[in-house]
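Asker: Mind looking over this structure? Questions follow.
Each value in this text was obtained by applying a stated rule to the coordinates, not by laboratory testing. Just so it is clear, the structure is predicted and the values come from calculations on it, not from any experiment. Note that we place each Cβ from the backbone using ideal geometry, even for glycine, and neighbour counts take in every protein chain shown.
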Amino acid sequence: MARRGRGLGIAALVLVLLGSALAIGDFVRLREAYGASTVAGGGSMTPTYEQGDRVFWKRVDGDGVRRGDVVMFSAPESYGVHGLLMKRVIGVGGDRVACCARVGSQERVTVNGKPVEEPYVFGGDADGVHRPYDVTVPRGWLFLLGDHRANSQDSRFHLDEQDGTVSVDAVRGRVTDDRTAPALLLGFLLVGCVLVLIGVGLGIGAWAVRRRGGCGCRPRHGRCGRSDSGPDQTGRAAVTTDVDGARRRHGGRRRGPPQVRRAPRPWVVSVGQWPVGCGFGPPGVAAGSGPLAASASL
């Protein structure tokens, strides 16, 4: 019983440690690599992202973004908002961004003189506010626009501040629609939590087994490993079974029924009215007591 309790305790410890390492490690990686936000505001990224949508973004610096990426950034000095904002990257350092060139019946933003295909803009309107601009993006800065050009406060309205661009240092991450990696990390996090719970359950079971097992044997007559001897309430001598002795004599295996050992009966030898001896067992074996104790052997 005690050995079984130790085994459960070791298994519980291993599962708790393994689950804790897995859960904590995945939680740290998830926090360091990804972020999550809820789209709020006036719908400047409609129709790509609607208000109330939950988006995941991978933590990257501004040097890791490319044209067409949707980024999360923070620029309170320019936009007056201390939270995260979401816009699309139109131009990176060194690009010349201008609006707008007519292609067929539509107007398009040009980057380095080439019209840009933007299937994501709301209503196919790449201009939105009919406000022309022609800027060259400085190195280390980004030109950002919303997908709903008629309803977006973006680089077009901050042309007097670095031509409306935002520093790459303001970028916190790039929005991603691929949720495989964060889902895997979250799954491993849940697996680690389950392992911890199983380990705690095994630990409780080990404690219960060891508590019930006590000193490793079944208790008899009120105490484990002892049998009461002596007379019972009726005055009869108690019977003690020598099971352990029988096992030792037969090499640790019990053969046949257990031996029974009865308590010796007291005896008294008297001569006339004088007691000459008393003891336990057959007369003459044990020394007696009294004034004629020497005659007890007769």
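Asker: Would you calculate the separation in nanometres between label points at D63 and E32, each defined as 7 Å from the Cα along the Cα-to-beta-carbon direction?
Answerer: With each label placed 7 Å out from Cα toward Cβ, I get 1.9 nm.
Asker: Mind listing the long-range amide H neighbours of W141? Cut-off is under 5 Å, sequence gap 5 or more, other chains count too, H placed in the peptide plane at 1.01 Å from N.
Answerer: For W141, whose amide H was placed from the backbone, the distant partners under 5 Å are G93, V168.
Asker: Can you tell me how much longer the chain between A183 and I10 gets when fully stretched, taken as 0.36 nm per residue apart minus their C-alpha distance, in nm with one decimal?
Answerer: That works out to 59.1 nm of additional length.
Asker: What is segment 37-177 by shape, rounded, prolate or oblate, if you read a ≥ b ≥ c off the alpha carbon gyration tensor as root eigenvalues and call it rounded for a/c under 1.5, prolate for a/b larger than b/c, and oblate otherwise?
Answerer: oblate
Asker: Please report, in debye to the nearest 20, how large the charge dipole of segment 1-125 is about its Cα centre when each Lys and Arg carries +1 at its beta carbon and each Asp and Glu carries -1 there.
Answerer: Dipole of segment 1-125, to the nearest 20 debye: 760 debye.
Asker: Calculated FRET efficiency, C193 and D160, Cβ-Cβ r, R0 45 Å, to nearest 0.05?
Answerer: Once the sixth-power term is evaluated, E becomes 0.30.
Asker: Sticking with this one: Any idea how far apart S74 and S20 come out in nm if each label point goes 7 Å out from Cα toward Cβ?
Answerer: Spacing of the two 7 Å Cα→Cβ label points: 3.2 nm.
Asker: Which value in nm describes the separation of the simple spin-label points at D169 and R54, placed 7 Å from the Cα toward the beta carbon?
Answerer: The two pseudo-label positions are separated by 3.4 nm.
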